[in-house]
Structure formats: C-alpha cells, structure tokens
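Structure first, then comments.
The values are calculated or read from the model by the stated rules, or taken from the named source; none is laboratory data. Here the structure is a predicted model, which means the values were calculated and not measured. Cβ sites come from the backbone with ideal geometry, for glycine too, and all protein chains shown count toward neighbours. With ligands, DNA and RNA removed, areas are computed over all heavy atoms of the protein, side chains included. Shrake-Rupley method; radii C 1.70, N 1.55, O 1.52, S 1.80 Å.
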Amino acid sequence: MRRHLHRHPELSFHETATSAYVEERLAAMGIAYKKGYGAFGGEAGHGIVGIIEGGRPGRTIGLRADMDALPIEEAEDHEVRSENAGVMHACGHDMHTASLLTTCKILQQNRSELPGRYIVVFQPGEESWPGGASLMLKEGALRAFGEEPEVMIGAHVLAEMPVGRAGFRPGAYMASGDEIHLHISGRGGHGGMPHL
C-alpha cells in the first residue's frame, strides 16, 4: 500500500485518486465509511471517515492519517519513485495512510474481541491552509457515525527514530506550517551579525 501511494502522490485538496484508493480498501475490508469531507477551493472534499464496531462495550477512539503530498520533484531514481511530476510524498503521508489502512484491517479482523468503537479519519489537505482537519471538524466529520471519539490518535513517521521504536506524547506535537507576518521597525542589519 505504501509503495502504491508513494508512486501516486497528490497535492492538498486534490487527493482524488488517493481517496478512491482508500475507499476501495475500506470497502474490501467491509468497513462502513462516509466520504466527501474537507471541500476547499472548488474541489470536492476528499476526506473519509469510517467506523469499526467492537464486539464489547467501551470507549470511542479516533484514529487519523493525512493523505496529501508536497509540491516537490522526487530527484532520486528508484523503484518506488513518484509517477506524478513535481509531486512527492516527502513528508511520510503515504506511510501514514498505509499504516492506518493496515490498522483498519487488524481492527476489523479482530472486532468481535475488541471493546468500543473506532472512528478512522483519512484527512486531506494537511500541508495547506486552511487545513483539512479544520474543514472536516466544521463539517461534523467526527459525528458522522453518531458519537464523537473520546480521544484522537494520530501518528507521524520520524526518520531519526530507530526501527522498531515508537515515541508517544500527549497533546500537540511537531511543528506546523503556520504563516506569521511581521512588520519590523528599526535599524537594518545583517543576519550573520545579529549582536550588532
């Protein structure tokens, strides 16, 4: 799955083939889902929300992955290279989507033994303003199947972390691509000599 997604990256809010691929996988696993979330800039919404019902009472847990790629040309020539010129999964969202699809498969296969409900969210437009998450929230995507998740779990690959290790942290984690506009008044200077 990761290799397929890496070969076919799509920019934020243009994840047409990616969302179709996710839908196809969810349908093949027998997972109910709703689509069309995160519409922006005249594009249809490509966000998808699915549900896996456990066989025992328990909490509602949300699991989330982003699907978009970046406007970067993949320079390396290797077997799994991007087939879309000027677009590349350089941030790991191909791995995020593949990991969540694999998690869905495991949860679905073991659902009768699991407590609670699992809301799975495939988010478009993570790399661009206004952000697919904010749009999906405004559209009520987390209530697509009734009750909102009590907790939302997201993951991000980290190349520096040794294979076989996982890091956990509650709350917000990692940087955001926010825009900040500053107006600075004063004497000019050179960035190489900030003390002057």
key: Selected from ALA65, LEU114, ALA166, residue furthest toward positive end of dipole (the chain; charges at beta carbon)   = LEU114
task = Treating the angle as unsigned and between 0 and 90°, give the value, to the nearest 10°, between the Cα long axis of helix 93-109 and the longest Cα principal axis of the chain.
result = 20
query = Using Cα atoms only, what is the angle between the long axis of helix 16-29 and the major principal axis of the chain, expressed in degrees (0 to 90) to the nearest 10?
reply = 30
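So how much slack lies between ARG3 and ILE72, counting 0.36 nm per residue of separation and subtracting their Cα-Cα distance, in nm? Before the final figure, lay out each step's value.
Working: separation 69, 0.36 × 69 = 24.84 nm, distance 1.74 nm.
Gain on extension, ARG3 to ILE72, equals 23.1 nm.
So what's the convex hull volume per residue for the Cα atoms of segment 1-113, in Å³?
101
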Size of electric dipole in the chain: Cβ of Lys, Arg +1 and of Asp, Glu -1, about Cα centre, debye, nearest 20 = 780
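Per residue, how large is the accessible surface of the chain? Use a 1.4 angstrom probe and give square angstrom. List each step's numbers first, then the result.
Numbers: 12040 Å² over 196 residues.
It amounts to 61 Å² per residue over the chain.
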key: Reach of LYS138 by Cα under 19 Å, taken over lysines that are not fewer than 8 positions away in the same chain   = LYS34, LYS35
message = Along each principal axis of its Cα atoms, how long is the chain end to end? Whole angstroms, biggest number first, please.
response = 67, 42, 39
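Contact order normalised by length for the chain, with contacts defined as Cα pairs under 8 Å and 6 or more residues apart; what percent is it?
On the way: 352 pairs, mean separation 52.7, N = 196.
After rounding, I find 27 percent.
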inquiry  = I'd like to know which of PHE145, ILE184, ALA155 lies farthest towards the positive end of the charge dipole of segment 91-193, counting +1 on Cβ of Lys and Arg and -1 on Cβ of Asp and Glu.
reply    = ALA155
note = Taking the chain and counting helices only, DSSP H stretches of n ≥ 4 at -39,500 (n - 2.57) each over all residues, the nearest-500 ellipticity at 222 nm comes to -7000 deg cm²/dmol
task = Could you pull out every residue, at least 5 positions away or on a different chain, whose amide H is within less than 5 Å of the one on THR60? Hs are placed 1.01 Å off N in the peptide plane, and Pro or chain starts have none.
result = ARG117, GLU150
query = Under the Karplus relation 6.51 cos²θ - 1.76 cosθ + 1.60, θ = phi - 60°, what is the ordered set of whole-Hz ³J(HN,Hα) values for segment 142-149, x standing for Gly and Pro?
reply = 6, 9, 4, 10, x, 5, 6, x
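Between PHE168 and ARG59, what length in nm is gained on full extension when 0.36 nm per residue of separation is reduced by their alpha carbon distance? List each step's numbers first, then the result.
Details: separation 109, 0.36 × 109 = 39.24 nm, distance 1.99 nm.
This chain segment gains 37.3 nm when fully extended.
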message = Checking a compactness column here: for segment 70-156, what do you get for Rg(Cα) / (2.2 N^0.38 Å), N being the number of residues?
response = 1.35
ask   = Using a 1.4 Å probe on the protein chains only, how many percent of the accessible area of the chain belongs to carbon and sulfur?
value = 55
